[in-house]
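Here's the structure we're looking at; comments come further down.
Where a number appears in this text, it was derived from the coordinates with a stated rule and is not lab data. As the structure is a prediction and not an experimental result, all values here were calculated from the model. Cβ coordinates were reconstructed from backbone atoms using ideal geometry, including for glycine residues, and neighbour counts include every protein chain displayed.
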Amino acid sequence: MVPARIAAALLAANLSVLPIAGAATAMTASTFDGSRRVVIIAAETSDDERVREQRAALLKHTAALDERDMVVFVALRDGEVEPIHGPAPADIGDFLSRNPPAKAGGFEVLLVGKDGGVKLRSDRPVRAEDLFALIDTMPMRRQEMTR
């Protein structure tokens, strides 16, 4: 469960937090091997100002991305995938067809957990610190931090 203060901050920022053990759509085992958390920046074009803003916000924190086993990429409407941090999975198109961005031609940020569930959807850029705070509340991450 997401702590109330983090959930309140995310909701105040107009972000959707999906329950960790809820009915989130899971990716198939062939898509990811469970070793990474994934941030998908979905947009019509990579020239979208929100894409540039999200990319810049995350790339300021590459050590924190690595510490949390995260990969980041942009998925464009035409099917093109642009890796931002780490490799993008080859079959991301299948995942996006099952989990399309909320608005055709719009912008969306998705956080996919190691279990393959969509943990966060936002129709605007997300602060890196907010993503990290959410991830740090997840059971798998909490186990990682105690090792």
Requested in this report: Identify the single condition in (1) assigned to a helix (DSSP H, G or I); (2) within 15 Å of residue 57 (Cβ to Cβ); (3) touching a strand residue (DSSP E or B) at 6+ places or on another chain (Cβ under 7 Å) that residue 133 does not satisfy, given that it satisfies every other one.
Outcome: (3)
**Report entry** From the options 40, 92, residue that is within 20 Å of residue 134 (Cβ to Cβ) and within 14 Å of the chain's Cα centre (by Cα)
**Finding:** 40
Query - Residues satisfying the stated conditions in region 54-79, i.e. surrounded by fewer than 15 Cβ atoms within 10 Å (Cβ to Cβ) and in contact (Cβ under 8 Å) with a residue 60 or more places away in the chain - result: 60
